[in-house]
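> Next up is a structure, given as structure tokens.
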Amino acid sequence: MAPDRIPLATILIVDDDPTTLLVGSKPLRDAGYTVLQAPGSAEGLRLSAEHPKPIHLIIADVFLPPPGFQLSVEKNPYPRVNGLDMVERLIQDKREIRVILMSGSPGPELQSRGMVREGLPFLKKPFTSEALLSLVRQVLAGPPATPDQKSATRSGNGDVEWVD
């Protein structure tokens with residue numbers, strides 16, 4: 001076991017692209033991590049709530065499928081929301097989670113649109129196995145993500161903004 005890797009870390013990858021789930025999961029599993037996969041935010045929130053052991057790291061695509069028909073975001077425990085809103089919900093519920101957001105769009109552009117926030121690591125897609133593993137090791141060795149103080153007011157009315 002490599003000394004720079006936290007043993008038995010569980011990682012949840014949330015992305016609507018099956019190829020990204022595969023490309024992200026394989027090198028992580030090969031490196032000894034337990035990897036869970038979810039094709040959207042509702043599935044990611046549900047899996048996080050129902051998984052019997054701690055999830056140490058969430059790797060989430062910023063752009064997840066928009067909602068079809070769904071109950072109110074406020075009353076639905078597993079809503080379809082964008083990647084940042086999903087991880088903010090998970091951080092609020094479980095304080096010991098680390099987060100990596102990812103997208104094919106440039107990070108600064110997404111930050112200016114409010115889709116990523118300062119303090120959360122960002123991985124540009126497409127990525128190499130080496131880049132993914134290096135960032136995962138760095139993030140797992142660091143402190144957990146902290147809640148965004150603006151997130152409580154930002155999503156408090158149940159409106160979800162979807163940007164293409």
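> Out of T20, T34, I need the residue that is among the polar types (S, T, N, Q), surrounded by fewer than 21 Cβ atoms within 10 Å (Cβ to Cβ), more than 19 Å from P126 (Cα to Cα) and modelled with pLDDT of 90 or more. Which one? Steps first, please.
Values: T20 fails: more than 19 Å from P126 (Cα to Cα).
Matching residue, one of T20, T34: T34.
> Kindly provide the set of residues from the stretch 132-141 that are under 16 Å from the mean Cα position of the chain (by Cα) and of a type outside the set (S, T, N, Q), ordered by number. I'd like the intermediate steps shown before the answer.
Applying the first criterion (under 16 Å from the mean Cα position of the chain (by Cα)) to the stretch 132-141 yields 132-133, 135-140.
Listed by number, the residues that qualify are L132, L133, L135, V136, R137, V139, L140.
The values are calculated or read from the model by the stated rules, or taken from the named source; none is laboratory data. Since this is a predicted model, take the numbers as computed values, not measurements. Quick reminder, even Gly has a Cβ in these numbers, built from the backbone with ideal geometry, and neighbours come from all protein chains shown.
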